[in-house]
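A quick write-up on the structure given underneath.
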Amino acid sequence: MVNGYTSQKDDHLVRLRRIEGQVRGIAKMVEEDKYCIDILTQVSAASRALQSFALGLLDEHMAHCLVEAARVGGEEEATKLKEASDAIARLVRS
């Protein structure tokens, strides 16, 4: 089985490494006793970057995995719809 994001895997990894660098930068700011608001600004930016990544991944999941499950139908379709619904709910709560 091929995941919906497979064609964009390298781009996703680059993006995640950039986010990882942001988080390391936040840790460094704490180590260096930077101003709280400056740290919070960076936390907000990293959070937005992760949310954007998650929404893109969800779009790819729906366009690939969910569409394929709808073609198959039955239990697979119901399972994939439930998974997508649960993932959306988690994203909305975060």
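No lab work stands behind these numbers, since they all come straight from the coordinates. Computed from a predicted model, the values in this text were never measured in an experiment. FYI the Cβ positions are ideal-geometry reconstructions off the backbone, even for glycines, and counts take in every protein chain you see.
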Relative contact order for the chain, counting Cα pairs under 8 Å that sit 6 or more residues apart, in percent
32 percent
Unit charges on C-beta of K, R, D, E only; dipole of the chain, Debye
220 debye
When the charge dipole of the chain is computed with +1 on Lys and Arg Cβ and -1 on Asp and Glu Cβ about the Cα centre, the Cα farthest towards its positive end, among 42, 74, 63, belongs to 42
³J(HN,Hα) computed for each position of the stretch 74-90 - Karplus, 6.51 cos²θ - 1.76 cosθ + 1.60, integer Hz, glycine/proline x:
x, 5, 4, 4, 4, 5, 5, 5, 5, 4, 5, 4, 5, 5, 4, 4, 5
What's the local net charge at residue 53, with K and R +1, D and E -1, over the other residues with C-beta under 12 Å away?
0
